[in-house]
Amino acid sequence: MISGIKNWLFDNAIKSHPNYINKKDFVGINPCKSVLLVSSDINDDTIFATENYKNTLLEKCDFVDTLYYYSHSTETDNGYSIKEINWKNVPINQHIDHVFSKEYDLLIYLLPTIELHQEYIIQLCHAKLKIGPVTSKKTSLFDLLIENPSNHIDTLIHNIGKSLKLISSK
(Lines give C-alpha, C1' and ligand atoms only; values in the text may rest on other atoms or scores of the structure.)
Protein backbone atom coordinates (compact mmCIF):
# COMPACT_ATOMS: atom_id res chain seq x y z
CA MET A 1 0.00 0.00 0.00
CA ILE A 2 2.81 2.41 0.87
CA SER A 3 4.55 1.72 -2.44
CA GLY A 4 1.27 2.44 -4.26
CA ILE A 5 0.99 5.79 -2.49
CA LYS A 6 4.63 6.57 -3.34
CA ASN A 7 3.98 5.77 -7.01
CA TRP A 8 0.89 7.99 -6.99
CA LEU A 9 2.90 10.85 -5.44
CA PHE A 10 5.70 10.28 -7.96
CA ASP A 11 3.23 10.48 -10.87
CA ASN A 12 1.73 13.66 -9.41
CA ALA A 13 5.21 15.19 -9.05
CA ILE A 14 5.82 14.58 -12.77
CA LYS A 15 2.43 15.86 -13.89
CA SER A 16 2.66 19.01 -11.76
CA HIS A 17 6.09 20.01 -13.13
CA PRO A 18 5.98 22.87 -15.70
CA ASN A 19 7.93 20.79 -18.25
CA TYR A 20 5.34 18.00 -18.28
CA ILE A 21 3.13 19.50 -20.98
CA ASN A 22 5.77 19.60 -23.64
CA LYS A 23 4.99 20.26 -27.28
CA LYS A 24 6.81 17.60 -29.27
CA ASP A 25 8.99 19.19 -31.94
CA PHE A 26 10.76 17.38 -34.73
CA VAL A 27 14.49 17.29 -35.21
CA GLY A 28 16.79 16.25 -38.01
CA ILE A 29 19.94 14.42 -37.01
CA ASN A 30 22.35 16.42 -39.18
CA PRO A 31 21.69 19.90 -37.73
CA CYS A 32 21.97 18.58 -34.18
CA LYS A 33 23.37 21.35 -32.01
CA SER A 34 22.74 20.25 -28.43
CA VAL A 35 22.97 16.87 -26.69
CA LEU A 36 22.35 15.71 -23.13
CA LEU A 37 24.09 12.52 -22.00
CA VAL A 38 22.57 10.85 -18.94
CA SER A 39 24.94 8.44 -17.20
CA SER A 40 26.11 7.21 -13.80
CA ASP A 41 29.17 6.38 -11.73
CA ILE A 42 28.43 2.63 -11.91
CA ASN A 43 32.14 2.04 -12.53
CA ASP A 44 35.20 3.83 -13.92
CA ASP A 45 34.60 2.35 -17.39
CA THR A 46 31.18 4.01 -17.56
CA ILE A 47 32.54 7.43 -16.64
CA PHE A 48 35.50 7.05 -19.03
CA ALA A 49 33.27 5.91 -21.93
CA THR A 50 30.77 8.71 -21.29
CA GLU A 51 33.49 11.37 -21.28
CA ASN A 52 35.04 9.95 -24.47
CA TYR A 53 31.64 9.92 -26.15
CA LYS A 54 31.07 13.50 -25.02
CA ASN A 55 34.37 14.57 -26.62
CA THR A 56 33.42 12.77 -29.85
CA LEU A 57 30.03 14.50 -29.93
CA LEU A 58 31.60 17.91 -29.25
CA GLU A 59 33.30 17.64 -32.65
CA LYS A 60 29.86 17.48 -34.30
CA CYS A 61 27.61 19.50 -31.95
CA ASP A 62 27.72 23.00 -30.49
CA PHE A 63 27.46 21.77 -26.91
CA VAL A 64 27.08 18.54 -24.99
CA ASP A 65 25.89 18.45 -21.39
CA THR A 66 26.28 15.45 -19.10
CA LEU A 67 24.12 14.59 -16.14
CA TYR A 68 25.54 11.90 -13.85
CA TYR A 69 23.83 10.03 -11.06
CA TYR A 70 26.38 9.51 -8.29
CA SER A 71 25.31 6.45 -6.33
CA HIS A 72 28.62 5.97 -4.51
CA SER A 73 29.59 9.53 -3.63
CA THR A 74 28.18 12.90 -2.76
CA GLU A 75 30.32 14.73 -5.34
CA THR A 76 27.92 16.39 -7.73
CA ASP A 77 29.93 18.62 -10.07
CA ASN A 78 27.79 17.63 -13.03
CA GLY A 79 24.96 15.58 -11.60
CA TYR A 80 23.14 14.55 -8.48
CA SER A 81 23.69 12.09 -5.68
CA ILE A 82 21.47 9.64 -3.85
CA LYS A 83 21.17 12.20 -1.03
CA GLU A 84 19.44 14.62 -3.42
CA ILE A 85 16.56 12.26 -4.18
CA ASN A 86 13.53 12.92 -2.01
CA TRP A 87 11.21 10.26 -0.60
CA LYS A 88 9.00 10.48 -3.72
CA ASN A 89 12.03 9.46 -5.86
CA VAL A 90 12.27 12.98 -7.30
CA PRO A 91 15.84 14.31 -7.69
CA ILE A 92 16.25 17.94 -6.68
CA ASN A 93 19.33 20.14 -7.23
CA GLN A 94 20.60 22.99 -9.40
CA HIS A 95 22.07 20.70 -12.10
CA ILE A 96 18.68 19.17 -12.76
CA ASP A 97 17.07 22.63 -12.82
CA HIS A 98 19.74 23.65 -15.35
CA VAL A 99 18.93 20.63 -17.54
CA PHE A 100 15.19 21.35 -17.36
CA SER A 101 15.73 24.99 -18.37
CA LYS A 102 17.48 24.03 -21.64
CA GLU A 103 16.19 22.61 -24.90
CA TYR A 104 18.16 19.74 -26.40
CA ASP A 105 18.07 18.17 -29.82
CA LEU A 106 19.07 14.76 -28.39
CA LEU A 107 18.89 13.08 -25.02
CA ILE A 108 21.05 9.95 -24.93
CA TYR A 109 20.54 7.63 -21.97
CA LEU A 110 23.65 5.48 -21.42
CA LEU A 111 22.59 3.13 -18.61
CA PRO A 112 21.25 -0.44 -18.88
CA THR A 113 18.43 0.07 -16.34
CA ILE A 114 16.05 2.89 -15.45
CA GLU A 115 15.29 3.91 -11.87
CA LEU A 116 12.32 6.15 -10.99
CA HIS A 117 14.49 9.23 -10.42
CA GLN A 118 16.02 8.73 -13.89
CA GLU A 119 12.56 8.28 -15.42
CA TYR A 120 11.62 11.63 -13.89
CA ILE A 121 14.51 13.32 -15.69
CA ILE A 122 13.85 11.57 -19.01
CA GLN A 123 10.16 12.48 -19.00
CA LEU A 124 10.63 16.13 -18.07
CA CYS A 125 13.69 16.99 -20.14
CA HIS A 126 13.04 19.16 -23.21
CA ALA A 127 14.62 16.93 -25.85
CA LYS A 128 13.33 16.58 -29.39
CA LEU A 129 14.65 13.02 -29.72
CA LYS A 130 15.23 10.68 -26.78
CA ILE A 131 17.48 7.67 -27.31
CA GLY A 132 17.91 4.81 -24.86
CA PRO A 133 18.47 1.07 -24.52
CA VAL A 134 15.81 -1.57 -24.86
CA THR A 135 14.83 -2.57 -21.34
CA SER A 136 12.18 -4.89 -20.00
CA LYS A 137 10.12 -1.88 -18.93
CA LYS A 138 9.72 1.82 -19.70
CA THR A 139 10.33 1.56 -23.44
CA SER A 140 7.76 4.32 -24.00
CA LEU A 141 10.20 6.87 -22.54
CA PHE A 142 12.35 6.83 -25.67
CA ASP A 143 11.75 7.74 -29.31
CA LEU A 144 14.57 5.49 -30.51
CA LEU A 145 15.39 2.21 -28.75
CA ILE A 146 18.86 0.71 -29.09
CA GLU A 147 19.70 -2.97 -28.65
CA ASN A 148 22.43 -3.64 -26.10
CA PRO A 149 22.61 -7.41 -25.56
CA SER A 150 25.87 -7.25 -23.59
CA ASN A 151 24.67 -4.43 -21.26
CA HIS A 152 28.09 -2.81 -21.77
CA ILE A 153 28.32 0.94 -22.36
CA ASP A 154 30.83 0.67 -25.23
CA THR A 155 28.47 -1.63 -27.14
CA LEU A 156 25.57 0.74 -26.46
CA ILE A 157 27.52 3.77 -27.71
CA HIS A 158 28.59 1.85 -30.83
CA ASN A 159 24.98 0.81 -31.54
CA ILE A 160 23.74 4.39 -31.00
CA GLY A 161 26.27 5.62 -33.57
CA LYS A 162 25.17 2.97 -36.09
CA SER A 163 21.50 3.81 -35.58
CA LEU A 164 22.03 7.56 -35.92
CA LYS A 165 23.98 7.02 -39.16
CA LEU A 166 21.08 4.94 -40.52
CA ILE A 167 18.43 7.57 -39.85
CA SER A 168 20.43 10.68 -40.71
CA SER A 169 20.27 12.12 -44.18
CA LYS A 170 23.43 12.78 -46.13
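The values are calculated or read from the model by the stated rules, or taken from the named source; none is laboratory data. Bear in mind that the values here come from a model prediction, so they are computed numbers and not experimental data. All Cβ positions, even for glycine, are placed from backbone atoms using ideal geometry, and neighbour counts span all protein chains on display. Accessible surface areas use protein heavy atoms only, side chains included; no ligands, DNA or RNA. Shrake-Rupley method; radii C 1.70, N 1.55, O 1.52, S 1.80 Å.
Observations on the structure shown:
- Relative frequency of Cα-Cα separations exceeding 27 Å in the chain, percent: 22 percent
- When the Cα positions of His126, Thr50, Val90 are compared along the charge dipole of the chain, His126 comes out farthest toward the positive end, with charges on each C-beta of Lys, Arg, Asp and Glu.
- Nonlocal amide H pairs with Lys102, under 5 Å, H built at 1.01 Å: none
- For Lys102, neighbours were defined as the other residues whose beta-carbon sits under 13 Å from its Cβ, and their charges (Lys and Arg +1, Asp and Glu -1) total -3.
- Largest first, the residues Lys102, Lys165 sort by 1.4 Å accessible area into Lys165, Lys102.
- Helix-derived mean residue ellipticity, 222 nm - over the chain, DSSP H n ≥ 4, -39500 (n - 2.57), to 500: -11000 deg cm²/dmol
- Here, P(r) means the percent of Cα pairs in each 10 Å bin from 0 to the largest distance; for segment 55-144 it is 15, 49, 33, 3.
- Magnitude of the charge dipole for the chain, about its Cα centre and with charges confined to Cβ atoms of Lys, Arg (+1) and Asp, Glu (-1), is about 720 debye.
- The candidates Val64, Val134, arranged from most to least accessible area with a 1.4 Å probe in the full protein assembly, appear as Val134, Val64.
- Of Lys60/Lys137; Lys33/Lys130; Lys6/Lys54, pairs whose Cα-Cα distance is over 24 Å: Lys60/Lys137; Lys6/Lys54
- Taking the chain and dividing mean pair separation by its residue count, relative contact order in percent (alpha carbons under 8 Å, at least six apart): 22 percent
- D (Stokes-Einstein, µm²/s), Kirkwood Cα radius, segment 92-170, 1.567 mPa s at 4 °C: 97 µm²/s
- Among the protein heavy atoms of the chain, carbon and sulfur supply 54% of the accessible surface, probe 1.4 Å, non-protein parts ignored.
- Shown in residue order for segment 124-129 are the 3J(HN,Hα) couplings computed by the Karplus curve 6.51 cos²θ - 1.76 cosθ + 1.60 at θ = phi - 60°: 9, 6, 7, 10, 6, 9 Hz (x for Gly and Pro).
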